[in-house]
Amino acid sequence: MAGLSPSERRLQKELMSLMKEPPPGMEVDSDKAEQNLNLWTIHMKGAEGTLYDGEEFQLQFKFGPKYPFDSPEVTFIGNNIPVHPHVYSNGHICLSILTDDWSPALSVQSVCLSIVSMLSSCKEKKRPPDNTFYVKTCNKNPKKTKWWYHDDSV
Amino acid sequence: MDSDEDMETFEVDSGNESSSDDIGFNIEDQNQNPKDRQNDIEEFVFNVLSTEEIVQHMIDCIKEVNIIVEIPATTTRILLNHFKWDKEKLMERYYDGDQEQLFAEARVINPLASRSSQQPSTSSSMSSKAKVSRRCPPNSEECEICFTLIPSNLMTGLECNHRFCTQCWCEYLTTKIMAEGMGQTIACAAHGCNILVDDATVMRLVRDPKVRLKYQHLITNSFVECNRLLRWCPSPDCNNAVKVQHVEAHPVTCKCGHRFCFACGENWHDPVRCSLLKRWIKKCDDDSETSNWIAANTKECPKCNVTIEKDGGCNHMVCKNQSCKTEFCWVCLGSWEPHGSSWYSCNRFNEEEAKEARGAQERSRAALQRYLFYCNRYMNHMQSLKFENKLYASVKEKMEEMQHHCMSWIEVQFLKKAVDILCQCRQTLMYTYVFAYYLRKNNQSTIFEDNQRDLEAATEKLSEYLERDITNENLANIKQQVQDKYRYCDLRRKKLLEHVHEGYEKESWEYMD
């Protein structure tokens with residue numbers, strides 16, 4: 001892997017590991033990721049026995065040159081955005097490990113697991129209360145939003 | 001007190017030229033000596049510290065505590081920072097409270113607990129640790145940041161035992177310092193671990209001098225900012241801090257020459273107190289008076305709500321908004337139609353309601369006028385103070401010119417002294433108007449206003465005198481007069497301040513809310 005930057009080296013390793021041993025219900029679009037190592041799509045199935053059982057979602061990861069010291073930009077894309085109190089209809093996710101609580105020791109896999117677990121603990125499918133306003137006014141990049149993490153129960 | 005009469009007596013008094021001013025100069029010169037850092041005017045002791053001295057002071061504070069608590073200096077430093085560098089408070093909690101809790105609150109691992117008993121405080125990765133160790137050959141570990149096998153001697157971590165390779169640590173710290181501007185509060189790189197990275201570790205792992213310098217700045221800044229006994233000199237481009245023995249609203253003078261109030265950092269503002277000055281500055285900065293003006297001088301069109309200022313005597317208003325053009329009565333804001341041409345009065349309205357509305361407007365108007373009165377005078381002295389600072393330059397020229405004639409250096413210093421006093425008087429006067437704005441009328445406030453008037457009159461005379469042309473013939477005469485005037489100003493200023501201070505002690509000042 002000579003000639004790769006430390007960030008690319010780590011992404012390459014993460015990709016290999018995800019392809020070889022994908023966590024249950026997850027699949028990385030490896031063709032796309034190999035074309036552009038900084039933009040991944042992950043297909044994710046709603047966990048069994050939860051409100052999202054049987055649904056399929058797509059997560060997009062954008063990595064900057066400072067990854068993993070800088071957090072990746074993670075959003076839901078495609079035509080099925082999960083209806084969840086922490087997921088806006090434009091795909092933005094309010095999850096503290098994606099901004100303030102990001103640590104370079106976290107990975108794509110751990111972020112995906114956190115998101116599945118966030119979906120799984122949901123008791124009622126609904127959009128965030130400020131969805132309409134947020135979607136109209138927010139920056140394209142969810143990392144530019146100053147999130148207020150006021151409820152970690154779901 | 002009649003100021004002119006006072007002047008007369010003073011002139012008679014100072015008939016023989018005393019040398020007291022010269023002595024005054026010697027004292028001042030000593031204070032300007034850079035070696036003499038201690039300023040003992042009025043027994044308020046303070047030191048001016050350069051950046052290097054601040055760092056040294058920080059080290060001394062740590063040492064002082066360390067002699068007693070005997071824990072690693074880096075831990076002491078984090079504890080001290082947690083207590084905003086209040087040594088007594090730290091000691092109290094250290095010996096009287098729950099130490100485990102204290103260390104947890106300050107986000108350090110208890111250095112007294114034996115290392116062997118420690119487990120990583122939180123699991124740092126979601127992938128299983130067992131898998132990592134299984135794959136690792138002896139004497140190497142996988143770094144959970146770069147996912148690379150690294151020889152164990154290149155892996156490092158804090159007391160929480162979360163280990164990463166030195167290169168990743170360096171990258172992590174650099175990002176925190178340079179991109180996020182964090183210094184004292186950088187946590188361990190492991191997810192969910194809040195243990196703080198100490199300064200020695202940062203300096204060991206970061207080699208780039210630019211990053212190290214920024215880090216030093218950040219921690220020095222947080223040391224000064226959270227330490228009650230320290231304050232940065234507010235003057236732009238000055239890197240000194242002032243250190244005091246106890247916090248008090250007192251003037252301090254930085255080595256750069258800037259004089260300010262230690263308690264609030266504003267220019268020295270005697271006689272008004274910090275809290276009122278703060279309110280005043282806020283009032284001047286925000287738009288409260290703009291809205292007061294709008295309330296006092298305008299009404300809204302009853303139809304389109306556009307704001308209208310009345311500029312003539314006639315009460316028959318026609319809204320100038322081209323899409324509105326409604327006609328209404330300024331007095332009652334009702335439609336103009338029923339007012340008709342034959343009778344003009346708005347008595348068809350509830351008298352009480354009308355009175356209330358008028359009363360509210362009147363109060364707004366009065367409040368605005370009152371504010372403008374004090375604000376104008378405050379601003380005026382501020383402006384004059386700026387001009388007087390220019391006066392120093394012209395006075396310097398005059399002093400040189402005089403020395404070419406018959407006077408010695410020491411003999412011409414009275415001019416500089418006069419400008420010094422003039423500036424002091426302007427500054428005091430400026431803040432007397434802030435004080436007066438909040439002051440409720442009583443007997444003492446009347447005396448205060450008399451003192452203010454006398455000082456103002458004397459100050460204006462001195463100012464006028466200093467702007468005069470000084471020619472060779474009247475030199476001796478002028479010196480006499482200038483000296484008399486500035487001595488009188490200084491006296492009036494001191495009397496005014498004394499009276500206000502006495503009022504503080506006797507609690508005779510009552511304020512408007």
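On full extension, the segment bounded by B:C238 and B:E467 gains 79.2 nm, given 0.36 nm per residue less the C-alpha separation. Considering only B:F164, B:I59, B:F103, the residue lying farthest towards the positive end of the dipole of segment B:36-261 is B:F164, judged by Cα position with unit charges set on Cβ. Near B:F435, once Lys and Arg are set to +1 and Asp and Glu to -1 for all other residues with Cβ below 11 Å from its Cβ, the sum equals -1. The distance separating the Cα centre of segment B:153-180 from that of segment A:6-45 comes to 25 Å. Within segment B:139-187, the residues that become at least 20 Å² less accessible when every protein chain is included than when their own chain is isolated (1.4 Å probe; DNA, RNA and ligands ignored) are B:E144, B:I145, B:C146, B:F147, B:E171, B:Y172, B:T175.
Exposed loop sites here mean chymotrypsin sites (Phe, Trp or Tyr not before Pro) with a DSSP loop assignment and at most 13 other beta-carbon atoms within 10 Å; chain A contains its longest site-free run at A:1-147. Between 0 and 90 degrees, the angle of helix A:6-20 with respect to the longest Cα principal axis of chain A falls at about 70 degrees. Under a model in which nothing but the beta-carbon of Lys, Arg (+1) and Asp, Glu (-1) is charged, segment B:36-261 shows a dipole of about 940 debye around its Cα centre.
For segment B:274-506, the dipole from Cβ point charges (+1 on Lys and Arg, -1 on Asp and Glu) about the Cα centre works out to 360 debye, to the nearest 20. Only one residue of B:C425, B:I410, B:A436 has its Cα farthest out toward the positive end of the dipole of segment B:400-443, where Lys and Arg carry +1 and Asp and Glu -1 on Cβ, and that residue is B:A436. Heavy-atom accessible area for A:S89, with the other protein chains in place and a 1.4 Å probe, reaches approximately 50 Å².
The accessible-area loss of segment A:67-116 on complex formation, taken against its chain alone with a 1.4 Å probe, reaches 50 Å² or more at A:F69, A:P104, A:A105.
Inter-chain Cβ neighbour count for A:3-14, averaged per residue, equals 2 (cutoff 10 Å, partner chain atoms only). Protection proxy ranking for A:136-142, B:65-71, using the average of other Cβ atoms within 10 Å per residue and placing the highest first: B:65-71, A:136-142. Put simply, chains B and A cover up around 1400 Å² of each other's accessible surface, both sides summed, when a 1.4 Å probe is used. Between B:D208 and A:W148, the modelled label-to-label distance comes to 3.5 nm, taking each label 7 Å out from Cα in the direction of the beta carbon. Taking a Cβ cut-off of under 9 Å around A:G54, the surrounding Lys, Arg, Asp and Glu residues balance to a net charge of -3, with basic ones at +1 and acidic ones at -1. Just need log10 I(q)/I(0) for segment B:36-261 at q = 0.09, 0.13, 0.16, 0.18 Å⁻¹, Debye formula, equal scatterers on the alpha-carbon atoms, no solvent, rounded to two decimals. Taken in order of the listed q values, log10 I(q)/I(0) reads -0.47, -0.86, -1.15, -1.34. The equivalent ellipsoid that matches the C-alpha gyration tensor of segment B:217-293 spans semi-axes of 27, 15, 12 angstrom, in descending order.
Taking 12 Å as the cut-off, no amide N atom of segment B:371-408 comes nearer than this to a point 7 Å along the Cα-to-beta-carbon line of B:D513.
Pairs spanning more than 19 Å between alpha-carbon atoms, out of B:K396/B:K416; B:K386/B:K417; B:K299/B:K355; B:K278/B:K494; B:K282/B:K495: B:K278/B:K494; B:K282/B:K495. Cα centroids of segment B:50-95 and segment B:402-462: 45 Å apart.
Orientation-averaged projection of chain A equals 9.2 nm² [convex hull of Cα atoms, one quarter of hull surface area].
Between helix A:108-120 and chain A there is an angle of about 20 degrees, using the helix long axis and the longest principal axis of the Cα atoms. Need one number for segment B:274-506: average projected area of the convex hull over its C-alpha atoms, nm². If I average the Cα hull's projected area over directions, I get 20.0 nm². Here's the list of lysines a cross-link from A:K32 could span, going by alpha-carbon distance under 27 Å and ignoring same-chain residues fewer than 8 apart: A:K13, A:K20, A:K45, A:K62, A:K66, A:K140, A:K143, A:K144.
Per-atom-type breakdown for segment B:36-261 gives carbon and sulfur 51% of the accessible area (1.4 Å probe, protein chains only). Candidates B:G334, B:M317, B:L462 compared by Cα position along the dipole of segment B:274-506: farthest toward the positive end lies B:G334, with charges placed on Cβ.
The values are calculated or read from the model by the stated rules, or taken from the named source; none is laboratory data. The shown structure was predicted, so the numbers you read here are calculated from the model rather than taken from an experiment. Note that each Cβ is placed from the backbone with ideal geometry, even for glycine, and that neighbours are counted across all protein chains shown. What goes into the accessible areas is simple: the full protein's heavy atoms, side chains included, and nothing from ligands, DNA or RNA. Shrake-Rupley method; radii C 1.70, N 1.55, O 1.52, S 1.80 Å.
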